[in-house]
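**Q** The structure's right below; bear with me while I get my questions together.
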Amino acid sequence: MVKRFAVLTSGGDAPGMNAAIRAVVRTGLSKGAEVFGVAHGYEGLQAGEINPMDSKDVGAIISLGGTVLRSSRSPKFKRSPARTAAAGHVRSLGIEGLIVIGGDGSLTGADVFSREQGIAVIGIPASIDNDIPRTDNSIGFQTAVDTALDAIDRVRDTAYSHDRVFVIEVMGRRNGFIAVEAGLAGGAEEILIPERPFDLAKVCQRLVAGQKRGKRSSIFVVAEGAIKAAAVCAFITKETEYEARYLVLGHMQRGGSPCAYDRVLATRLGHHAVLRLMAGGTGEYVGTSANKIVSNPIREGLATEKPIDPERLELAGIMAR
């Protein structure tokens, strides 16, 4: 059994990472393990920034956004010498396993590190993009959606007051999970995402048709990887009589206190990750399926794509008419 392990956060921060750290530390201690924290992600692992953690180190962090362990993106860790250096620091402390909290790049790095260096790893998916396959949700997604929804609700008041179209750009470089969920919840008239082709001319036709039915304002939600909000706004202004404005939410979607859902999800996943690691599991990441905790092989799971639910998009379109 693994009785001495470390935890790190890597890549983009996500609300709920601290709740996961707290769960990892306290579960490990409750099972008689020694737990270490790695500062600054894989960069800190290479530099030996590894320190023991106890229960008081994670007190009162469940409500905090970001990550108390700090994070980084580490291109050097993609090279074998950096991973060998990291493994040297790990072994020098007698650490037998590693729990990695992060997105697909972080989990892939953990799997490569484990296979190459022979150190057990378990991943916990934390990504506001919610793009990790084989888990219903990643830590941080629901909070990011709530943040986007709050912006949509506030902007709609202004759009209605001034008979305007507002285009709201949310995060999502390769997928539209935030856009679909926030757009559906916020009653958006259009949702533009990378996974589904769209024609701005037809979008404008629907906008004009809505105007003829008496609709005086509209909200468009676009994922950043589909098209820039400024470009949509310029097209609308040119092709219609509408006055259009845009808002880019950007990194504010990453910050802030995690919602209740993300706190509970992170706590459950952190707890289960420790149980899997201490029982001898490795090369896996934990997640949820139909609200049940599941484990998947990292390499196998991340070789697939997580699809957008077409029923959600269809429903959003029906509600917008």
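The values are calculated or read from the model by the stated rules, or taken from the named source; none is laboratory data. Everything numeric here is computed off the predicted structure, so don't read it as measured data. Glycine also receives a Cβ, built like all others from the backbone with ideal geometry; neighbour counts cover every protein chain displayed.
Residue-wise test of (1) touching a residue at least 60 places away in the same chain (Cβ under 8 Å); (2) farther than 28 Å from GLY65 by Cβ; (3) not aliphatic (A, V, I, L, M).
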{"position": "GLU243", "(1), (2), (3)": "yes, yes, yes"}
{"position": "LEU247", "(1), (2), (3)": "yes, no, no"}
{"position": "ARG254", "(1), (2), (3)": "yes, no, yes"}
{"position": "ARG263", "(1), (2), (3)": "yes, no, yes"}
{"position": "VAL274", "(1), (2), (3)": "yes, no, no"}
{"position": "GLY280", "(1), (2), (3)": "yes, yes, yes"}
{"position": "VAL294", "(1), (2), (3)": "yes, no, no"}
{"position": "GLU305", "(1), (2), (3)": "yes, yes, yes"}
{"position": "ALA320", "(1), (2), (3)": "yes, yes, no"}
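**Q** When the residues of the stretch 49-65 are filtered to those that are in contact with a strand residue (DSSP E or B) (Cβ under 9 Å, 6 or more places away or on another chain) and assigned to a loop (DSSP other than H, G, I, E, B), which remaining residue is farthest from THR143 (Cα to Cα)?
**A** Per the criteria, the residue is GLU49.
**Q** Considering LEU302, LEU247, LEU315, which residue is surrounded by fewer than 14 Cβ atoms within 10 Å (Cβ to Cβ) and touching a helix residue (DSSP H, G or I) at 6+ places or on another chain (Cβ under 7 Å)? Give the steps one after another, and end with the answer.
**A** Numbers: LEU302 fails: surrounded by fewer than 14 Cβ atoms within 10 Å (Cβ to Cβ); LEU247 fails: surrounded by fewer than 14 Cβ atoms within 10 Å (Cβ to Cβ).
After applying the criteria, what remains is LEU315.
**Q** Okay, moving on. How many of the residues making up the stretch 170-210 are over 13 Å from ALA320 (Cβ atoms), in contact with a Phe, Trp or Tyr (Cβ under 9 Å, 6 or more places away or on another chain) and not small (Gly, Ala, Ser)?
**A** Adding up the residues that qualify gives 7.
**Q** Right, here's the next one. Could you please let me know if ALA201 is at pLDDT 95 or above, surrounded by 14 or more Cβ atoms within 10 Å (Cβ to Cβ) and in contact with an Asp or Glu (Cβ under 9 Å, 6 or more places away or on another chain)?
**A** On the way: at pLDDT 95 or above: yes; surrounded by 14 or more Cβ atoms within 10 Å (Cβ to Cβ): no; in contact with an Asp or Glu (Cβ under 9 Å, 6 or more places away or on another chain): yes.
Criteria not met by ALA201.
**Q** Identify all residues within the stretch 217-235 that are in a helix (DSSP H, G or I), buried (at least 21 other Cβ atoms within 10 Å of the Cβ) and in contact with a helix residue (DSSP H, G or I) (Cβ under 6 Å, 6 or more places away or on another chain); write none if there are none.
**A** Going residue by residue through the stretch 217-235, those that are in a helix (DSSP H, G or I) are 229-235.
Still in the list and also buried (at least 21 other Cβ atoms within 10 Å of the Cβ): 229, 232-233.
None - no residue of the stretch 217-235 is in a helix (DSSP H, G or I), buried (at least 21 other Cβ atoms within 10 Å of the Cβ) and in contact with a helix residue (DSSP H, G or I) (Cβ under 6 Å, 6 or more places away or on another chain), so the list stays empty.
**Q** Follow-up. Given (1) farther than 25 Å from ARG73 by Cα; (2) outside the structural domain of VAL248 (by TED's automatic domain parsing), identify the lone condition not met by ASP146.
**A** Looking at each condition in turn, ASP146 falls short on (2).
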